[in-house]
Each structure stands twice: as C-alpha cells, then as structure tokens.
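Here it is, the structure in full.
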Amino acid sequence: MYVCICHSVTDKAIKKAVKQGHETLEAIQQELKVGTCCGRCKSHACEVIEETLNPDTFSFNLNLMQGAFA
C-alpha cells in the first residue's frame, strides 16, 4: 500500500529500509524521502516503522483497538 503519494513510497519499501537499519523517521526520510513534501504521511510512516520494529507489540495493540470497536 502507498504510504507517501508525493514520493511513491510503499509500506513494503519502508519495512525493507527499517530491516536494513534505518530505524527512525529521520533515517527513513533521508533514505526514501517519505514525509518530506506535504508531510501528511508522517504518522502512517511512523506506524509502519513501529510495526516493523515491534511486530508483537503492534499486533497486541491492534487487537485491543479492534476489540474496543466491536
């Protein structure tokens, strides 16, 4: 899925960059330019980074959120 339309950056590209050692938004911005144009995608990019760094915690929090809306 596209995270940054301005620079055509996908969630897969962000995940790949994180796995290559770019573990902060600033590092991802330098590598992929995500969030450096209009900035609307920064929060989603941060979510993808967090999900990649902490997949177990992110899944747990997502399950809690889904239960809150049931």
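Here, each number is a calculation from the coordinates, and none is a lab measurement. In this text the structure is predicted, and so the values were computed from the model without any measurement. Reconstructed Cβ throughout: ideal geometry from the backbone, glycine too, with neighbour counts over all protein chains shown.
Within 10 Å of each candidate Cβ there may be at most 15 other Cβ atoms; applying that plus a DSSP loop requirement, which GluC sites (Glu not before Pro) in the stretch 1-39 survive?
Numbers: sites: E23, E26, E31; in loops: E23.
Here the sparse-neighbourhood loop sites are E23.
What distance in nm separates the simple spin-label points at S43 and T10, each placed 7 Å from Cα in the Cβ direction?
Spacing of the two 7 Å Cα→Cβ label points: 2.5 nm.
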